[in-house]
Protein chains: 2
Amino acid sequence: MAQNTIPTSQKKSMTEPPLKVGELASRTGLSVRALHHYDEIGVLKPSLRTQSGHRLYNQSDVERLQQVQSLRLMGIPLEEVRQLLDGAGMSPPEVIALHIAKLHEHIALQNRLAERLQGLAMHLDTVETASIDDLCQIIQVTTAMEKYFTAEQLEVLRDRRSSITEEHMHEVRDSWNEIIPKVRNAMAANVDPASPEIQAIAKRWKALVEEFTGGDRKIAQAVMTMYQNEGPRLQEQLGEVPTPEMFVYMGKAFAAPK
Amino acid sequence: MAQNTIPTSQKKSMTEPPLKVGELASRTGLSVRALHHYDEIGVLKPSLRTQSGHRLYNQSDVERLQQVQSLRLMGIPLEEVRQLLDGAGMSPPEVIALHIAKLHEHIALQNRLAERLQGLAMHLDTVETASIDDLCQIIQVTTAMEKYFTAEQLEVLRDRRSSITEEHMHEVRDSWNEIIPKVRNAMAANVDPASPEIQAIAKRWKALVEEFTGGDRKIAQAVMTMYQNEGPRLQEQLGEVPTPEMFVYMGKAFAAPK
DNA sequence: CTAAACCCTCACGTAACGTGAGGTGCAATA
DNA sequence: TATTGCACCTCACGTTACGTGAGGGTTTAG
């Protein structure tokens, strides 16, 4: 074979002059400040300085910087970049694997947050209220619900909610606010659950519950658990809420012979 | 209707005593330091202090804190929380909408990063190298490729790569490293592309290209564009790489009559 | 030889607190 | 009553990866 000609531009052997920081910055797309920073924290210390203190980056510095940029592109923090390039800390595959895990965790969190925000935006569309109080109320109630219902149940409830009018929602609220005090008073007065007036109330109660749960036993159970645990907090937001004792009392009313 | 009985525990009218910071912290699950911070930045300034300077939070402070917590749960930064609760800045729906947009943007970025990391992890599995140099090389080549190939093309290439052995990949690299200098020398010596020795080389060249592109014209085109723009950078990582002039020369060789 | 361009070293700001350090207030106990 | 111990106070630095000046030397082109 013949003698090797020059590949493209220069050979490695013809030592290129060291770069000043501004030059290196514009070649790599980094800022001068970033290079100063890398110097400070030990990620990339230029191997030369001029007598007056100007940084000079030679070929191996430039190569190291390319590696730094590669690793940063993968989202690896500077401190770990430094450890990797210095051969300390963990092995590359370990670092990558751990970062994938962390990233997935982070993404999962963000996705859950995005779902919550989407749901919230839907509510805001239907309710068309601009008050922060209302906004926070919706947030509190929905976050409380997320603790007691599964994702599928929540979806069912969202669908049902979006299919009814805002006016009807107010009617439902008003109904509860009318019925619950009556029940409380009846309980305080030891009224027989089988009595006609309680039976009338029980009928309305059952209808309201049916409408909300859609007849789903699991949802009804979750609602009761939620009111049991979050009663006071929900009361602040919603107005009148049923207590576990009321559920028991109403249970007797439902079981009473007609 | 009869007189209202007491709902659950207390009535709002019986003013509850203001809370000290530690008490409020333990009730809300926040840290004392966080409450200090909220005070500092004006998100929640307690409306009372004792003579000695101890913070006292009254009922309305507590309610405001609940709102703060709700908004923070939705990922809204403290400064915007403050503006919302103080009625300054944007309206709640605007804030929510903007945050949804920001969040989706962020999630998209994270997802792209996750994909890159997954691909990288795959490479690391097949190549089983633990050196940072190799790691960075893979990163650089794959990120360069992402600029020139579409997502589908990249997937095709990934599949093809994972279906061959590491040994074969080395063979391919070696073939290029043997052929390219020969072509360069032939070009420098003005050898006729139709000459037998160049025709022999052209045959091997074509086979190598075919294997990589799978016969896909688009991929072949993207490869040439990539080498044209990223030539020097890739050369540092891969060794010998073809130049546009070589593609022209080889084109003549392919077109030459046999 | 001078002015522009480039370089240097501080040093503060970012988001949302964690983590002391060093000192005061307050209720209960010895 | 004196002392203990706990809760509270105000600084103030650390975290991430730089951005953005301030104030002052150096190099280079005209």
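Applying 1/(1 + (r/R0)^6) with r as the Cβ-Cβ distance of B:GLN153 and B:SER91 and R0 = 41 angstrom yields a FRET efficiency of 0.35. Can you give the FRET efficiency to the nearest 0.05 for A:GLU79 and A:THR15, using r as the Cβ-Cβ distance and R₀ = 45 Å? Result of the calculation: an efficiency of 0.90.
Hey, if you drop one equal point scatterer on each alpha-carbon of segment A:174-238 and run the Debye formula without solvent, what base-10 log of I(q)/I(0) do you get at q = 0.16, 0.20, 0.27, 0.28 Å⁻¹? Here the Debye-derived log intensity ratios amount to -0.64, -0.98, -1.23, -1.23.
Label separation (B:ARG27 vs B:PHE247): 7.1 nm, computed from points 7 Å beyond Cα along the C-beta direction.
Set the Cα radius of gyration of chain A against 2.2 N^0.38 Å, with N its number of residues, and you get 1.86.
Using a basic spin-label model with each label point 7 Å from the Cα along Cα→Cβ, how many nm lie between B:THR143 and B:PHE212? Between B:THR143 and B:PHE212, the simple spin-label model gives 2.1 nm. Inter-chain neighbour count for A:69-81: the average number of beta-carbon atoms from partner chains within 10 Å of each residue's beta-carbon is 3.
In a GNM of chain A with a 10 Å cut-off on Cα contacts, which of A:ARG112, A:ARG173, A:ARG72 has the highest mean-square fluctuation? With Cα springs under 10 Å in chain A, the top fluctuation among A:ARG112, A:ARG173, A:ARG72 is at A:ARG72. Solvent-accessible surface of chain A, averaged per residue with a 1.4 angstrom probe and all protein chains in place: 58 square angstrom. In this Cβ point-charge picture (+1 for Lys and Arg, -1 for Asp and Glu), chain B has a dipole of about 980 debye about its Cα centre. Placing R0 at 56 angstrom, the Cβ-Cβ distance between B:GLU105 and B:PHE254 gives a FRET efficiency of 0.75 after rounding to 0.05. Computed over neighbours whose Cβ is under 15 Å from that of B:MET122, the net charge equals -4, Lys and Arg +1, Asp and Glu -1. When the listed pairs B:LYS182/B:LYS203; B:LYS45/B:LYS102; B:LYS102/B:LYS147; A:LYS102/A:LYS147; A:LYS147/A:LYS252 are checked against a 20 Å cut-off, the alpha-carbon distance exceeds it for B:LYS45/B:LYS102; B:LYS102/B:LYS147; A:LYS102/A:LYS147; A:LYS147/A:LYS252. What the Kirkwood sum gives for segment B:95-150 is a hydrodynamic radius of 13.1 Å, with every pair of different alpha carbons counted. Students often forget the sequence filter, so: which aspartates and glutamates lie under 13 Å Cα-Cα from B:LYS218 once same-chain residues fewer than 8 apart are removed? The reachable aspartates and glutamates, counting only those whose Cα sits under 13 Å from B:LYS218, are B:GLU152, B:GLU210. Using every pair of distinct Cα positions in the protein assembly as shown, the Kirkwood expression returns a hydrodynamic radius of 30.0 angstrom. Label positions at B:ILE164 and A:LEU48, each projected 7 Å from the Cα along the C-beta direction, are separated by 4.1 nm. Taking every alpha-carbon pair under 8 Å whose residues sit at least 6 apart, chain A reaches a relative contact order of 13 percent. Remark: accessible area buried at the A-B interface is about 4800 Å², both chains counted, probe radius 1.4 Å.
A label point on B:GLU167, set 7 Å along the Cα-to-Cβ line, lies at 8.0 nm from each of its counterparts in the other copies, closest listed first.
The values are calculated or read from the model by the stated rules, or taken from the named source; none is laboratory data. Since the model is a prediction, treat every value here as computed from it, not as a measurement. Cβ: placed from backbone, ideal geometry, glycine included. Neighbour counts: every protein chain shown. The area values use the complete protein model at the heavy-atom level, side chains included, leaving out ligands, DNA and RNA. Shrake-Rupley method; radii C 1.70, N 1.55, O 1.52, S 1.80 Å.
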